[in-house]
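A short worksheet on the structure shown next.
The values are calculated or read from the model by the stated rules, or taken from the named source; none is laboratory data. Just so you know, these numbers come straight off a predicted model, no measurement behind them. Neighbour counts run over all protein chains shown; Cβ positions are idealised from the backbone, glycine included.
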Ligand code: AMP
Ligand code: MG
């Protein structure tokens, strides 16, 4: 009798949980060096808890600056064994090759020399940069199985892809739970599934000229990664020159490609994130050629003079009226 009662109670609890209505749930956390906003449509807070745990974990393990994390230890030791980092570096190497070297996860020492991780900004001398040249670049990094080898004191910096990868992991968690949502990790937006009312997601892109108002919205159906790299996200100014956190691997100096921002829309967060960084280095014209030779992303370029260019796949999705549209 007792057993039957317990069984009935359990069944009742299960039915109540299933019958609980889906409601909008928001949470804000600080991880991966940025404010992260999570919005899910769920019956309880379980999915949010799982997302938060995953993000805190990745934040530590993929940071080049957190002494408690795996990546930091690999940089200190000149290598090590770490399946997750090895996998990311292998994928980054493939994307680096595809982008003609514009993406390079071996530039940490150069970022440090400019002061980006610490905020103590300096313009390194030509001699400093020449010296750094021997200790930067993906050609000094090799991966075999789960083991990484860093030569000449090169250090890894996964900043260009870590948030996109984290968004992919979050997407998988939500998909497994059958929960839809929209996640904002700094410049990375990840949509998952359909909004409960069936309408498209609205993703707003910041105006690079002030970094606080919106330049346009994109209407996004279903699951996508929408990732922006811009010169307004982290930068300093010296003698009227703006130095941003995205470095050109060719000269280990802040990229000056005539762009204020570039946004990439793709199915995968890792790809969108890696490409947005690479496209920022390439500039618009090289970027358009690259897009024409690809079939796995769409893009928005915002030039220094304010001109906006979008690829044809976004023409009907942007609220911006005067964009130049590029076609294949
Ligand atoms: P994102 O904001 O995704 O464009 O990534 C920029 C971050 O990636 C910087 O803060 C650096 O940590 C790192 N980074 C800078 N330049 C590059 C580059 N050319 N390739 C790969 N990572 C870079
Ligand atoms: Mg990126």
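A few comments on the model shown:
- Restricting attention to the range 192-211, the residues that are outside any strand (DSSP E or B) and either away from ligand 1 (no atom under 16 Å from the Cβ) or more than 18 Å from the chain's Cα centre (by Cα) (or both) total 11.
- Only one of the listed residues (183, 247, 271, 218) is over 30 Å from residue 85 (Cβ atoms) and under 18 Å from the mean Cα position of the chain (by Cα). That residue is 218.
- Positions within the range 256-289 being assigned to a helix (DSSP H, G or I) and either more than 15 Å from ligand 2 (Cβ to nearest atom) or in the same structural domain as residue 87 (by TED's automatic domain parsing) (or both), in sequence order: 283, 284, 285, 286, 288, 289
- The conditions of being surrounded by 24 or more Cβ atoms within 10 Å (Cβ to Cβ), away from ligand 2 (no atom under 15 Å from the Cβ), within 13 Å of residue 229 (Cα to Cα) and under 20 Å from the mean Cα position of the chain (by Cα) are met by residue 302.
- Of all the residues in the range 221-255, those that are within 16 Å of ligand 2 (Cβ to nearest atom) and not in a strand (DSSP E or B) number 8.
- Failed condition for residue 249, given (1) more than 10 Å from ligand 1 (Cβ to nearest atom); (2) closer than 24 Å to residue 132 by Cα: (1)
- Residues of the range 305-324 satisfying the condition of being loosely packed, with under 14 Cβ neighbours inside 10 Å and assigned to a strand (DSSP E or B): 324
- Residues of the range 65-86 that turn out to be without any contact (Cβ under 8 Å) to a residue 24 or more places away in the chain and within 20 Å of the chain's Cα centre (by Cα), as a count: 5
- Test result for residue 240, within 20 Å of the chain's Cα centre (by Cα), at positive phi and free of Cβ contacts under 8 Å to residues at least 60 places away in the same chain: no
- Answer from 219, 229 - the residue that is at pLDDT 95 or above and within 11 Å of ligand 1 (Cβ to nearest atom): 229
- Residues located in the range 159-186, provided they are buried (at least 22 other Cβ atoms within 10 Å of the Cβ) and within 13 Å of ligand 2 (Cβ to nearest atom): 159, 160, 161, 162, 163, 164, 165, 166, 167, 185
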